[in-house]
Amino acid sequence: MKIALIGYGKMGKMIEQIARGRGHEIVSIIDVDNQQDFDSAEFASADVAIEFTSPTAAYGNYLKAFAKGVKVVSGSTGWMKDHGDDVRRMCEEEGKTLFWASNFSVGVAIFSAVNRYLAKIMNGFPQYDVRMEETHHVHKLDAPSGTAITLAEEIVDRLDRKTSWVKGTLLAPDGSLTGTDACAADQLAIDSIRRDEVPGIHTIKYDSEADCITITHDAHSRKGFALGAVLAAEYTKEHSGLLTIGDMFKF
C-alpha cells in the first residue's frame, strides 16, 4: 500500500517505521515546511494519508487530501466542534473518506469497550459517582485529551444520572493547579495532569460510601498508537465514508 504522512513529529516517524516494517511504501511526507507537496504527484498517488498534526491544521489538511482524491486516517483532535458537520457531509454525500479516532491504540479500543459495558451496568447503581483523570506529556496542548472526551461521552450516553462532561482540574508541568473539583451532580468531571513524557494514562473511577471500582489504561509508549494508525490505514484502503474504531473492531 502507498501511504502519505501528514505531520512528521514523533508519531509520524514511528508510523513510518511501523508502516515500512509491514511492507508499505511511504510515497510522501508533508510537514510544516513543505506544504506545497500536497500538490505533488507523489502525494496524489497515495492510497491513504495518515494525518497527525494539530487541532488548527487538521481540517485544512483533510480538504487538501480530499481535493487530490486521497483517503485520510487522522488522530488529530479539536476540529470536530467547528467542522464536524462539514466533514460528515463530505463523507456521506461527496464520496470522501476519513477514518478518525481520538486514539488508535488497540488497548484503548478494548478499554473503551470495557468502559461502555461498565457504564451500562452502573446505570442501575446510582450510589456510585463517577469521575475521570487523564495524564499526558508536557507537550500536549489540549486538555482534556480527545480520548478522555470520547470515553466521557460513552459514559454520559449510558448513565441516566449524567447529562454532560466538564473540565475538572488541570495540574500543569510547573505544579500550578487550575480549574475546580466542584461540578453539578449531573456532570462528569475530567481532571487533567501534564507531566514528563507520559504517553497517556486514562482512569475512570466509580466511588461510593462502601467501595470504589477503578479501571485504567496506561500506555507504555506511542508504539501502540502508531500500530493502530497503520492498521486503520490498511482498513481504510478497502472501505469508504466516515469510519471509526468501531468499524474496524467489532467489540
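Results, tabulated for the structure shown:
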| item | result |
| --- | --- |
| Residues within the stretch 54-67 that are open to solvent by less than 10 Å² (accessible area, probe 1.4 Å) and of a type in the set (A, V, I, L, M), tallied | 2 |
| Flag for SER102 being small (Gly, Ala, Ser), at pLDDT 95 or above and within 16 Å of the chain's Cα centre (by Cα) | no |
| Filtered residues of the stretch 40-73 (kept if farther than 11 Å from THR97 by Cβ, at pLDDT 95 or above and not aliphatic (A, V, I, L, M)) | SER40, GLU42, PHE43, SER45, GLU51, TYR59, GLY60, ASN61, LYS64, LYS68 |
| Selection count where residues are touching a Gly at 6+ places or on another chain (Cβ under 8 Å) and open to solvent by less than 70 Å² (accessible area, probe 1.4 Å), scope the stretch 181-196 | 5 |
| The one condition in (1) within 22 Å of CYS212 (Cα to Cα); (2) touching a strand residue (DSSP E or B) at 6+ places or on another chain (Cβ under 9 Å); (3) open to solvent by 60 Å² or more (accessible area, probe 1.4 Å); (4) not hydroxyl-bearing (Ser, Thr, Tyr) that HIS139 fails to fulfil | (1) |
| Condition met for GLY84 (at pLDDT below 95 and closer than 21 Å to LEU170 by Cα) | no |
| Residues (closer than 26 Å to SER40 by Cα, part of a helix (DSSP H, G or I) and out of contact with any Leu (no Cβ under 6 Å at 6 or more places or on another chain)) located in the stretch 90-114 | MET90 |
| In the stretch 68-89, the residues that are under 21 Å from LYS140 (Cβ atoms), open to solvent by 40 Å² or more (accessible area, probe 1.4 Å) and assigned to a loop (DSSP other than H, G, I, E, B) | GLY78 |
| Subset of the stretch 197-236 (residues that are within 25 Å of TRP100 (Cβ to Cβ), open to solvent by 60 Å² or more (accessible area, probe 1.4 Å) and not charged (D, E, K, R)) | THR216, HIS220, LEU227 |
| Complete set of residues in the stretch 148-179 that are outside any strand (DSSP E or B), touching a strand residue (DSSP E or B) at 6+ places or on another chain (Cβ under 9 Å) and open to solvent by less than 70 Å² (accessible area, probe 1.4 Å) | ALA148, ILE149, LEU151, ALA152, ILE155, VAL156, LEU159, ARG161, LYS162, ALA172, SER176 |
| Enumeration of residues in the stretch 1-53 that are surrounded by fewer than 21 Cβ atoms within 10 Å (Cβ to Cβ), among the polar types (S, T, N, Q) and free of Cβ contacts under 8 Å to residues at least 40 places away in the same chain | ASN34, GLN35, GLN36, SER40 |
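The values are calculated or read from the model by the stated rules, or taken from the named source; none is laboratory data. For clarity, every value in this text was computed on a predicted model and none was experimentally measured. Positions of Cβ are backbone-derived with ideal geometry, glycine not excepted, and every protein chain shown enters the neighbour counts. Accessible surface is based on the protein model in full, side chains and every heavy atom, while ligands, DNA and RNA are left aside. Shrake-Rupley method; radii C 1.70, N 1.55, O 1.52, S 1.80 Å.
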